[in-house]
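Below you'll find the structure, written out as structure tokens, and then a few comments.
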Amino acid sequence: MIKLAVPLLHVSVAKAAIDFYCHRLGFRLEFVHGIDDAHSDPCYMGISRDGVWINLSSFSGDGVAGGVANPMVDDVDALHAEFVANDVPIDSGPVDQTWGSREMYVKDADRNCLRFIADRQSPA
């Protein structure tokens, strides 16, 4: 029985990823596992927001830059306002898609894309 899937995104610089995901997007750093205390890279990190987890890794064998994660959200427009206030560059959106969702795309420095998706049919 599969209970949960946690996306893994490859990042090149852990400190820059922490700044972007935690200080700008509002995720919380849950854990960091590096090779030693003297080096910030490579490392494997877990971040969360509102009970949703994403893992980030700067280890060379963990994924490739340019990955995608699709967080399902209640209100894309509220997140958009929050991100704009935090000077997060918005790659696309918010936009109503023909397939019934409202979406906003944000990319990190490694071209990983978070596609924040809300169902337009559900009340916000």
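Each reported figure results from applying straightforward, stated rules to the coordinates on display, with no laboratory input. All of these numbers come straight from a predicted model, not from anything done at the bench. We place every Cβ from the backbone using ideal geometry, glycine too, and count neighbours over all the protein chains shown.
Taking amide H as placed 1.01 Å from N in the peptide plane, the amide H of ARG49 sits under 5 Å from that of ARG28, each at least 5 places away or on another chain.
With respect to the chain, whose longest principal axis is taken over its alpha-carbon atoms, helix 76-85 is tilted by about 50°. A Förster radius of 25 Å, combined with the Cβ-Cβ distance separating ASP74 from SER40, puts the computed FRET efficiency at roughly 0.15.
Modelled spin-label separation between GLU30 and ARG111, with each label point placed 7 Å from Cα along the Cα-to-Cβ direction: 2.8 nm. With a Förster radius of 30 Å applied to the C-beta separation of ALA5 and ALA65, the computed FRET efficiency comes to 0.90. Backbone phi angles across the stretch 102-111, fed through the Karplus curve with coefficients 6.51, -1.76 and 1.60 (θ = phi - 60°), yield HN-Hα couplings of 10, 9, 9, 10, 10, 10, 8, 5, 9, 6 Hz in residue order; Gly and Pro are listed as x.
Sequentially through the stretch 51-64, phi angles give Karplus couplings (6.51, -1.76, 1.60; θ = phi - 60°) of x, 9, 9, 9, 9, 10, 9, 9, 6, 4, x, 9, x, 10 Hz, Gly and Pro residues having no value and appearing as x. If R0 equals 25 Å, the separation of the Cβ atoms of SER48 and GLN97 corresponds to a calculated FRET efficiency of about 0.40. Calculated from the structure, Cα extents along the principal axes in Å equals which of (1) 52, 30, 21; (2) 46, 28, 18; (3) 48, 41, 23? Read-out taken from this structure: (3). Residues whose amide H falls under 5 Å from that of ARG120, counting only those 5 or more places apart or on a different chain, are SER101, ARG102, with hydrogens built in the peptide plane.
Across the stretch 9-20, rounded Karplus estimates of 3J(HN,Hα) from the backbone phi angles (6.51 cos²θ - 1.76 cosθ + 1.60, θ = phi - 60°) give 10, 7, 10, 8, 10, 4, 4, 5, 5, 4, 4, 5 Hz, Gly and Pro being marked x.
For the stretch 25-95, rounded, prolate or oblate, judged on the Cα gyration tensor with a ≥ b ≥ c (square roots of eigenvalues), a/c < 1.5 rounded, else prolate if a/b > b/c? Cα axes put the stretch 25-95 in the prolate bin.
Would you please name the chymotrypsin sites (Phe, Trp or Tyr not before Pro) within the stretch 1-88 that are DSSP coil residues with at most 12 other C-beta atoms within 10 Å of their C-beta?
Values: sites: PHE20, TYR21, PHE27, PHE31, TYR44, TRP53, PHE59, PHE83; in loops: PHE27, PHE59.
Loop-located and lightly packed - none at all.
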